[in-house]
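Just below is one structure, and these are the notes that go with it.
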Amino acid sequence: MIRLGTSGWPGGNEWAKLSPRQRRRRYFALFNSIELTQTYRRVPDWDLVGRWRAYAPQDFTYSWVAPRHLTYLPGGEERRSLRRFLRRHKRLGRTRGGVRFLLPSGTDATAFGEWLVMLAELDIPGDYAFEVEEELSGLLEPYGWITVNRPGAWQYTLNCPPTAQVPGYAYYDSLETALGYQREVAPERG
């Protein structure tokens, strides 16, 4: 199954006039997932994560963007930050979607390889997708993690067509684009 929605909550005049509750209800009626981009700026507190989980319909998932303060260098502080973030994400329970990690350009391959070992040692399973330079993508394969916009056993796509027969997540910056793909790959929700 493809989890499809927008990257961030829709904006615009039509949505701005709605209360937060009305926005959620409308969104949940249209899509089965969302990528919460606010997690890039700040790790949400436990109460907020609990509210997100409580608000979600039965078949809905939240994907998160990994926080910007991650360095992708192995070490004690990095391990604590990563564990804190992933434990919050795990608290979503049945509504937990994928996590997108954005690596800065020029990331050292050796350090990133050691960072991936550290992530695996945390033993917090999840659908982890990475926006990485091409030369780093091969480091993900032994773990079953993927490169964004390159489907494998599963997919995590951003602003490009999803592969309909491959399960995963597809998010769009444009509400109209997301609705177009929603009609293509998830007609049962339309």
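Suppose every Lys and Arg Cβ carries +1 and every Asp and Glu Cβ carries -1, with no other charges. What dipole size does the chain come out with about its Cα centre, to the nearest 20 debye?
Around 1300 debye, computed over the chain.
Among ASN13, CYS160, THR37, whose Cα projects farthest towards the positive end of the dipole of the chain, with charges put on the beta-carbon of Lys, Arg (+1) and Asp, Glu (-1)?
ASN13
What net charge is computed for the residues neighbouring PRO151, neighbours being all others with C-beta under 15 Å from the C-beta of PRO151, Lys and Arg scored +1, Asp and Glu -1?
0
For the Cα atoms of the chain, what angle does the longest principal axis make with the long axis of helix 46-55, in degrees from 0 to 90, nearest 10?
40 degrees
Angle, helix 20-30 long axis vs. longest principal axis of the chain, Cα atoms, 0 to 90°, nearest 10?
It works out to around 90 degrees.
Quick check: the distance between the Cα centres of region 73-110 and region 40-69, to the nearest angstrom?
A separation of 14 Å, based on Cα centres.
Compute the helix-to-body angle for 175-185: its Cα long axis versus the longest principal axis of the chain, expressed 0 to 90° and rounded to tens.
Value to nearest ten degrees: 90.
Could you tell me the ratio Rg/Rh of the chain? Both radii from Cα atoms, Rh via Kirkwood.
Across the chain, the Cα-based Rg/Rh ratio is 0.96.
Coordinate-derived values only; no laboratory data. Fair warning: this is a prediction, and the values are worked out from it, not measured in the lab. No Cβ is skipped: glycine too gets one built from the backbone with ideal geometry, and neighbour counts run over all protein chains shown.
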